[in-house]
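K.L.:
Sending over a structure as structure tokens; questions will come in a sec.
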Amino acid sequence: MLRKGQGELLSSCTVDEIRDWNRKHKLRGLVDKVTTVSSAVEKYVKDGTYLAIGGFGHIRISMPLIYEIVRQRVKHLRVSGHTAVHDLDVLIAGDCVDAVDVAYAFAYETRGLSKNGRRAVESGRIKCVEWTNASLSWRIKAAAMGLPFLPARNLLGSDTFEYSAAKEMECPFTGQKLVALPALMPDVSIIHVHYADKYGNCSIRGTTVKDDDLAKASKRVIVTAERIVPDTFFRDNPERTTIPYFCVDAVIEAPHGSHPGNMPHEYYFDESHIRGYLKAGANEGSLQEYLDKWVYSVKDFDEYLDLVGSKKLKELRQLEELR
Amino acid sequence: MTSYTSIELMAAVASHQLEDGKIVGVGTGLPMIAGLLAQKTHAPNLIIFFEAGSIAPQVPTLPISVGDSRCAHKAVAATGLAGIMETGQRGMIDYAFLGGAEVDMYGNINSTVIGDHDSPKVRLPGSGGANDFGSLSWRTIIIARHDKAKLPEKVSFITTPGYIEGPGAREKAGLPKGTGPYKVITNLALMGFDEETCRMKLISVHPGVTVDQVKENTGFDLIIPEDVSISSAPTEEELSALRQIDPDGIIIGK
């Protein structure tokens, strides 16, 4: 008797849907895709969108896009939580999220749990479907491969499986019991990278986490980059390309774009900012004051960075060099 | 006599379980410290994998996240989550080193919820990479606090399977054969698993702790063998290494 998880499949796709989408909607040509944060969010991130975020929750995250989603008061998002940390937590603070495919969420690793994230789940405001980091990565990989699912050997024998939307299967060759992980094709992915050219070619330094596959798997990909570089940056060294241009729909230059998160080789965590945010998360009142100050009262990410201050930004760069 | 905290003791005992020249996947927090300590003491060629993708880094100082830039410092490769867990699925990861809110007598770990899943009393982070590491690595080492609530007979949610319901259950579920929980380190004792029953058994009590204390603080019938030893206290060398790894006491000061 093969079992199946009782969790809801928050986003489903068939192999034909993947192909048809890519045939109809993905540009083949080298087209200038540089835009602004506000117009990219307005164009692609709608109420009810299934959103995936590149990076690792508080490392290499696209905060300009996250703040803008909150600022535009987008609602009812479903979010892929493959190690979601500050990225998801800010979206929850902005009441943008209805459901999460959880691998890791509502917590800040060595800093402990997030009161804001916990409140949202414990009050029933957010629905959780359980997965694991590898499961979500492989689900994304399946979509990136244009396949309906991938078999794997994790999840089996756990309640994580019971509360997922995975199914057990038998290997057609050996009869070995496996788990079938359904392809995940996010409506929109937002990915912060080190370098991008105007066409959308991207270079990521350090661990890719899963962003190469994520860009291939998603219907729409919005990229923020520490630096926009000429396309010769890639043409002279094509091995630098982590994400090829045809996966990407919009490109925005956003130096310090992972603040208060870490950006490998660029700047380390703004610990005092993150700790201040976590403290504000103790109750809704102080959390809304935080959002008023850092999100609603600033026009864009440049104004936000002015608020952070150039002295602090310089310190964070030094901290990254010291390790 | 050297003075040390219970966290320092746990880190030292945990590090002793790791062998030189093997590959370990470490979770966030104390497992990270124990792996770094082993590298600085008896296991300089221990290879650490961090789930976000870094392979064999030379971690300069305590990372905040298993995915931050310190974890990838001078790594031999920067891959991704799939790259790490596929390596585990191929049988290349010898040890998984995980923490958990609850651990039961079969080494099942809960890090997802306390209470009902859909309306939980406490929502915890979830699996992260723990289920993947614990399913796919050869041996799983677990670090937990020792009291009746944290070591119950049955965890309220199996995030990461141990021996599930006993002998043969992992294989029956489809998990790779020959894998499973190996050691449990708490603030009171070091424990292992009985080969026949797959149940947790006491190996050693920490200095100053009695067997009765361990029994009283365990929520299930712990197997007590006749020859229970005393865990070795951290050495001066280990303590100074720990203070180098975590100079601000972010983990060891807790």
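No lab work stands behind these numbers, since they all come straight from the coordinates. It should be emphasised that the depicted structure is a prediction, and the values quoted were computed from it without experimental measurement. Backbone-built Cβ (ideal geometry, glycine too); neighbour counts: all protein chains shown.
K.L.:
Between B:Ile223 and A:Met145, take the C-beta separation as r, use R0 = 35 Å, and let me know the FRET efficiency to the nearest 0.05.
P.N.:
0.15
K.L.:
Using only alpha-carbon positions, what ratio does the radius of gyration of segment B:6-245 give when scaled by 2.2 N^0.38 Å?
P.N.:
Here the answer is 0.96, to two decimals.
K.L.:
Then there's this: Using the structure shown, list the pairs from A:Lys314/B:Lys74; A:Lys219/B:Lys172; A:Lys75/A:Lys314; A:Lys210/B:Lys22; A:Lys46/A:Lys312 with a Cα-Cα distance above 27 Å, or answer none. Mind dumping the intermediate values first?
P.N.:
Details: A:Lys314/B:Lys74 23 Å; A:Lys219/B:Lys172 38 Å; A:Lys75/A:Lys314 35 Å; A:Lys210/B:Lys22 25 Å; A:Lys46/A:Lys312 34 Å.
The pairs that break the limit, which is 27 Å between Cα atoms, are A:Lys219/B:Lys172; A:Lys75/A:Lys314; A:Lys46/A:Lys312.
K.L.:
Explain nothing, just the number: dipole magnitude of the protein assembly as shown about its Cα centre with +1 on each Lys and Arg Cβ and -1 on each Asp and Glu Cβ, in debye rounded to the nearest 20. Working shown, then result.
P.N.:
On the way: 65 positive and 73 negative charges, 231 e Å.
Once rounded to the nearest 20, the dipole reads 1100 debye.
K.L.:
Which residue fluctuates the most in chain B, going by a Gaussian network model with Cα springs under 10 Å, if the choices are B:Leu175, B:Leu151, B:Leu37?
P.N.:
B:Leu175
K.L.:
Still on this structure: Would you mind giving the mean number of other chain beta-carbons within 10 Å of the Cβ of each residue in A:115-124, as a whole number?
P.N.:
Working: counts 0, 0, 2, 5, 1, 1, 7, 7, 2, 3.
Shielding by partners across A:115-124 averages 3.
K.L.:
Could you tell me which residue out of A:Val229, A:Leu27, A:His265 lies farthest along the dipole of chain A toward its positive end? Charges go on the beta carbon: Lys and Arg +1, Asp and Glu -1, centred on the Cα centre.
P.N.:
It is A:Leu27.
K.L.:
Oh, and also: With a cut-off of 8 Å between alpha carbons and a minimum separation of six or more residues, what is the relative contact order of chain A in percent?
P.N.:
Working: 687 pairs, mean separation 66.4, N = 323.
It comes to 21 percent, rounded to a whole number.
K.L.:
Dipole magnitude of segment A:249-323 about its Cα centre, charges +1 at Lys/Arg Cβ and -1 at Asp/Glu Cβ only, in debye to the nearest 20? Let's see the in-between values first.
P.N.:
Working: 9 positive and 15 negative charges, 74 e Å.
Its charge dipole is roughly 360 debye.
K.L.:
Among A:313-322, A:272-281, B:71-80, how do they line up by average Cβ neighbours within 10 Å per residue, starting with the highest? Please list the in-between numbers first.
P.N.:
Details: A:313-322: 13.8, A:272-281: 17.3, B:71-80: 19.0.
Most protected by this proxy first, the peptides run B:71-80, A:272-281, A:313-322.
K.L.:
Ordered by residue, what ³J(HN,Hα) values in Hz, to whole numbers, does segment B:175-189 give under the Karplus form 6.51 cos²θ - 1.76 cosθ + 1.60, where θ = phi - 60° and Gly and Pro are x?
P.N.:
Working through the residues one at a time gives 6, x, 6, x, 10, x, x, 10, 9, 10, 10, 10, 6, 10, 7 Hz.
K.L.:
Using modelled amide H (1.01 Å from N, peptide plane; none on Pro or chain starts), what sits under 5 Å from the amide H of B:Ser231, excluding residues fewer than 5 places away?
P.N.:
Answer set, sorted by chain and number: B:Val205, B:His206.
K.L.:
I want to verify a result. In a Gaussian network model of chain A, Cα cutoff 10 Å, which of these has the top mean-square fluctuation: A:Lys219, A:Lys115, A:Lys311?
P.N.:
Comparing A:Lys219, A:Lys115, A:Lys311 in a Gaussian network model of chain A, the most mobile one is A:Lys311.
K.L.:
Hey, another quick one. Per-residue ellipticity at 222 nm for chain B, helices alone: DSSP H runs ≥ 4 residues times -39500 (n - 2.57), over residue total, nearest 500 deg cm²/dmol? Don't skip to the answer; put the middle values down first.
P.N.:
Details: 7 runs with 59 residues, N = 254.
Value at 222 nm, helices only: -6500 deg cm²/dmol.
K.L.:
Still on this structure, please answer the following. Calculate one ³J(HN,Hα) per residue across segment A:66-78 by plugging θ = phi - 60° into the Karplus curve 6.51 cos²θ - 1.76 cosθ + 1.60, and present them in order as whole Hz with x for glycine and proline.
P.N.:
With the stated coefficients, segment A:66-78 comes to 5, 4, 5, 4, 5, 4, 7, 6, 5, 10, 6, 5, 10 Hz.
K.L.:
How many angstrom separate the Cα center of segment A:109-184 from the Cα center of segment B:69-117?
P.N.:
Taking the Cα centre of each part, segment A:109-184 and segment B:69-117 sit 14 Å apart.
K.L.:
Based on alpha-carbon atoms only, what is the radius of gyration of the protein assembly as shown relative to the globular estimate 2.2 N^0.38 Å? Present the calculation step by step, with values, prior to reporting the outcome.
P.N.:
Numbers: Rg = 23.1 Å, N = 577, 2.2 N^0.38 = 24.6 Å.
Relative to the 2.2 N^0.38 Å estimate, the protein assembly as shown comes out at 0.94.
K.L.:
Considering amide H positions built from the backbone, and no H for Pro or chain starts, which residues 5 or more places from A:Ser189, or on another chain, come under 5 Å of its amide H?
P.N.:
A:Ala52, A:Arg220, A:Val221, A:Ile222
K.L.:
Also: If you count, for every residue in A:54-66, the Cβ atoms of partner chains within 10 Å of its Cβ, what is the mean? Walk me through the numbers before you get to the answer.
P.N.:
Numbers: counts 0, 2, 11, 4, 4, 10, 4, 0, 0, 0, 0, 0, 0.
Mean shielding count: 3.
K.L.:
Name the long-range amide H neighbours of B:Phe193: under 5 Å, sequence gap of 5 or more, or other chain; modelled H, no Pro or chain starts.
P.N.:
Answer set, sorted by chain and number: B:Lys201.
K.L.:
Sum up the charges of everything whose Cβ sits under 15 Å from the Cβ of B:Asn217, counting Lys and Arg as +1 and Asp and Glu as -1, but leave B:Asn217 out.
P.N.:
Working: positive: B:Arg145, B:Lys148, B:Lys150, B:Lys215; negative: B:Glu102, B:Asp104, B:Asp147, B:Glu153, B:Asp212, B:Glu216, B:Asp221.
With Lys, Arg at +1 and Asp, Glu at -1, the net is -3.
K.L.:
What are the semi-axes of the equivalent ellipsoid for segment A:15-322, taken as the square roots of 5 times the Cα gyration tensor eigenvalues, largest first, in whole Å? Working shown, then result.
P.N.:
Details: eigenvalues 173, 129, 62 Å².
Semi-axes (√(5λ), whole Å): 29, 25, 18.
K.L.:
Turning to a different aspect of this structure: Could you work out the local net charge near A:His86, counting Lys and Arg as +1, Asp and Glu as -1, over the other residues with Cβ closer than 13 Å to its Cβ? Let's see the in-between values first.
P.N.:
Values: positive: A:Arg60, A:Arg111, A:Arg275; negative: A:Asp87, A:Asp89, A:Glu109, A:Asp270, A:Glu271, B:Asp68.
After counting each charged neighbour, the total is -3.
K.L.:
Shifting gears a bit: With an 8 Å Cα cut-off and a minimum separation of 6 or more residues, compute the relative contact order for segment A:229-323 in percent.
P.N.:
Numbers: 48 pairs, mean separation 26.8, N = 95.
That works out to 28 percent.
K.L.:
Can you give the FRET efficiency for A:Arg227 and B:Ile230, using 1/(1 + (r/R0)^6), R0 = 60 Å, r = Cβ-Cβ distance, to the nearest 0.05? Can you show the working numbers first?
P.N.:
Details: r = 58 Å, r/R0 = 0.96.
For R0 = 60 Å, the calculated efficiency reads 0.55.
K.L.:
Which residue fluctuates most in the GNM of chain B (Cα springs below 10 Å): B:Met32, B:Met92, B:Met191?
P.N.:
Comparing B:Met32, B:Met92, B:Met191 in a Gaussian network model of chain B, the most mobile one is B:Met92.
K.L.:
What are the ³J(HN,Hα) couplings of segment A:55-61, residue after residue, when phi is run through the Karplus curve with 6.51, -1.76, 1.60 and θ = phi - 60°? Round to Hz, x for glycine and proline.
P.N.:
Result, ordered by residue: x, 9, x, 9, 10, 6, 10 Hz.
K.L.:
Which of the listed residues, A:Ala217, A:Thr49, A:Ile252, is farthest toward the dipole's positive end in chain A, when Lys, Arg count +1 and Asp, Glu count -1 at the beta-carbon?
P.N.:
Comparing the listed Cα positions along the dipole, A:Ala217 ranks first.
K.L.:
Using the charge dipole of the protein assembly as shown (Lys, Arg: +1 at Cβ; Asp, Glu: -1 at Cβ; taken about the Cα centre), state which of A:Gly7, B:Val113, A:Val298 has its Cα farthest towards the positive end.
P.N.:
Farthest along the dipole direction, towards plus: A:Val298.
K.L.:
On average, how many beta carbons from a partner chain sit within 10 Å of the beta carbon of a residue in A:98-104?
P.N.:
On the way: counts 0, 0, 1, 0, 6, 9, 11.
That works out to 4 on average.
K.L.:
Where the only charges are on Cβ atoms (+1 Lys, Arg; -1 Asp, Glu), what is the dipole of chain A about its Cα centre, to the nearest 20 debye? Can you show the working numbers first?
P.N.:
Values: 44 positive and 44 negative charges, 90 e Å.
The dipole magnitude comes to about 440 debye.
K.L.:
To check you understand DSSP bridge types, tell me what percent of the beta bridges within the protein assembly as shown (both residues inside) are antiparallel, rounded to 5.
P.N.:
Working: 30 of 80 bridges.
So the antiparallel bridges in the protein assembly as shown amount to around 40 percent.
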